[in-house]
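First up is the structure itself, then whatever we jot down about it.
The values are calculated or read from the model by the stated rules, or taken from the named source; none is laboratory data. Every value quoted in this text rests on a predicted model; they were computed, and no experiment measured them. Glycine gets a Cβ as well: all are built from the backbone with ideal geometry, and neighbour counts include every protein chain shown.
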Amino acid sequence: MIEIPYGRQSIDSSDIAAVIEALGSDYITQGPAVVRFEDSVAGFTGARHAVAVSSATAALHLGALALGLKPGSRLWTVPNTFVASANCGLYCGAEVDFVDINPRTYNISIDHLSEKLEIASRSNKLPDVLVPVHFAGQPCEMSEVAALCVKYGIRIMEDASHAIGSEYKNTKIGACAYSDLTVFSFHPVKIVTTGEGGMLLTNDTAIYEKLLRLRSHGVTRDPRLMKKEPDGPWYYEQVELGFNYRMTDIQAALGASQINRLPDFLARRRELAARYEENLSSLPIVTPFQHRDTLSAWHLYVILMDQERSGVTRDSLFQGLRERSIFPQVHYIPVHTQPWYQELGFREGNFPASETYYRKALSLPMYYSLSNSHQDRVIEAINEILESKPRE
Ligand SMILES: *Cc1c(COP(=O)(O)O)cnc(C)c1O
């Protein structure tokens, strides 16, 4: 039987032709294709500036630095995310803490955020940066997040690794309508891929210029930023400590080609989500709740196993699907339960909504090239497993 993964990239002949063209051009590292890719994503989202980098992890690191994070600063995110959303704070020497999730949206809980900010404000321990994560592609409640962050003077960096093409109150994620920065990931399992890659979007020109320098060693060729007189036309100056986080033109050519296909990607993912909802919502499981202000890009389709109603645990559903050559996934192991974070003092029980969610969650196959007949196989398998109620 053909194996069905939970996610996979879609590369077609137009993508391959774009990469071949880039390979034959004068540039293979960062060059004109990177600029074209940045322009296409900025154009798609409506953000003023875009900076392509080697991964979303690199993007989060540069974004945290550009927002001024340093030793002694604080960054907050949610436990229900990939470790990179939190690690970017540690890279800068900042302290990291978490805000628990809303059990319906699986995104940051506005109640918990508001309460935790009030307590932090009393003890002078407010975060400098908040990283809301648009989990599975469903945007966070950004008006409420932004209102709280404005009240307490906190910068916002959206981790939109799951959410290129998502919309919040009819604005595209990436437009930075409610934030200082937004980060996209182009890892192959995400909605658009460059093999490895990431991008930062911002409307702030000073942040944008800082990101351009940090992406490439902290070096500038702009005489206005230099401390010394240029020796000659070859002269450049390192004015801060940066990195080599550049994207190659080969990757960017693939990315720009994928952006042309993004409307098709989104339409198919939304169709698949609707088919799952139609076929699974009558079963004793929880299908994804969608907040009325949001339109998801559906990076993931996550169901929760309600053992009390179905008699089946998440683990036995996971196993049963595997036995039928269907390979679901679990997103996410709460970051604060990772050994590295336990070393920093976090404990099981610190963020109960994320922990309860984690025990029940299962990500079903969701990708552009998933056919209706393969999706039907997944739906039938779930029905079969729920009917047979395997022993726990
Ligand atoms: C994938 C992912 C990242 C990291 O992306 P890379 O491009 O692989 O570095 C960060 N945050 C979230 C929420 C992700 O899903």
*For segment 141-154, indicate whether the set of residues that are part of a strand (DSSP E or B) and more than 11 Å from the ligand (Cβ to nearest atom) is non-empty.*
no
*Kindly indicate the residue of segment 20-47 that is part of a loop (DSSP other than H, G, I, E, B) and within 20 Å of the chain's Cα centre (by Cα) and also nearest to the ligand (Cβ to nearest atom) among those meeting that condition.*
Ala47
*segment 1-10 - residue that is assigned to a loop (DSSP other than H, G, I, E, B) and in contact with a helix residue (DSSP H, G or I) (Cβ under 8 Å, 6 or more places away or on another chain) and, of those, modelled with the lowest pLDDT*: Ile2
*Is segment 56-76 home to any residue that is within 18 Å of Gln338 (Cβ to Cβ), part of a helix (DSSP H, G or I) and of a type in the set (Phe, Trp, Tyr)?*
no
*asked:* When you scan segment 280-301, do you find a residue that is surrounded by fewer than 22 Cβ atoms within 10 Å (Cβ to Cβ), over 23 Å from the mean Cα position of the chain (by Cα) and of a type in the set (Asp, Glu), even just one?
replied: no
*Is it the case that Gly195 is touching a residue at least 24 places away in the same chain (Cβ under 8 Å), within 26 Å of Ile101 (Cβ to Cβ) and surrounded by fewer than 24 Cβ atoms within 10 Å (Cβ to Cβ)?*
no
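Of all residues in segment 221-267, which are among the charged types (D, E, K, R) and under 24 Å from Ala56 (Cα atoms)?
Quick first cut of segment 221-267, residues among the charged types (D, E, K, R) only: 221-222, 224, 227-229, 231, 237, 240, 246, 249, 261, 264.
Those that are among the charged types (D, E, K, R) and under 24 Å from Ala56 (Cα atoms): Glu240, Arg246, Asp249, Arg261, Asp264.
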*Name the pairs: first residue in segment 163-191 and over 16 Å from Asp264 (Cα atoms) and small (Gly, Ala, Ser), second residue more than 9 Å from the ligand (Cβ to nearest atom) and not in a strand (DSSP E or B), Cβ to Cβ under 6 Å, at least 6 apart or on different chains?*
Gly174/Thr45; Gly174/Ala47; Ala175/Thr45; Ala175/Gly46; Ala175/Ala47
*Please find, within segment 63-101, the residue that is farthest from the ligand (Cβ to nearest atom) out of those that are more than 16 Å from Met157 (Cβ to Cβ) and crowded, with 23+ Cβ neighbours inside 10 Å.*
Asp100
_Give all pairs with beta carbons closer than 9 Å in which a residue from segment 81-100 that is closer than 11 Å to Leu65 by Cβ and without any contact (Cβ under 8 Å) to a residue 40 or more places away in the chain meets a residue that is of a type in the set (Ser, Thr, Tyr) and more than 9 Å from the ligand (Cβ to nearest atom); count only pairs at least 6 apart in sequence or on separate chains._
Cys92/Ser73; Gly93/Ser73; Ala94/Ser73
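Are any of the residues in segment 120-128 closer than 30 Å to Tyr301 by Cβ and either in a loop (DSSP other than H, G, I, E, B) or not β-branched (Val, Ile, Thr) (or both)? So that I can check it myself, show each step before the final result.
Taking segment 120-128 as the starting set, the residues that turn out to be closer than 30 Å to Tyr301 by Cβ are none.
The answer is no; no qualifying residue exists.
Here's the yes/no breakdown for (1) surrounded by 13 or more Cβ atoms within 10 Å (Cβ to Cβ); (2) assigned to a helix (DSSP H, G or I); (3) among the basic types (Lys, Arg); (4) in contact (Cβ under 8 Å) with a residue 24 or more places away in the chain:
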residue	(1), (2), (3), (4)
Arg246	yes, no, yes, yes
Ile250	yes, yes, no, yes
Leu262	yes, yes, no, yes
Arg269	yes, yes, yes, yes
Glu277	yes, yes, no, no
*Which one of these is within 14 Å of the ligand (Cβ to nearest atom) and in a loop (DSSP other than H, G, I, E, B): Thr182, Thr193?*
Thr193
*asked:* I'd like to know if segment 338-349 contains one or more residues that are of a type in the set (Lys, Arg) and surrounded by fewer than 18 Cβ atoms within 10 Å (Cβ to Cβ).
replied: yes
*Scan (1) surrounded by fewer than 21 Cβ atoms within 10 Å (Cβ to Cβ); (2) farther than 30 Å from Pro339 by Cβ; (3) touching a strand residue (DSSP E or B) at 6+ places or on another chain (Cβ under 8 Å) for the single condition Val34 breaks and write down its number.*
(1)
*Restricting the search to segment 155-169, which residues are under 21 Å from Ser40 (Cβ atoms), assigned to a loop (DSSP other than H, G, I, E, B) and more than 11 Å from the chain's Cα centre (by Cα)?*
Gly165, Ser166
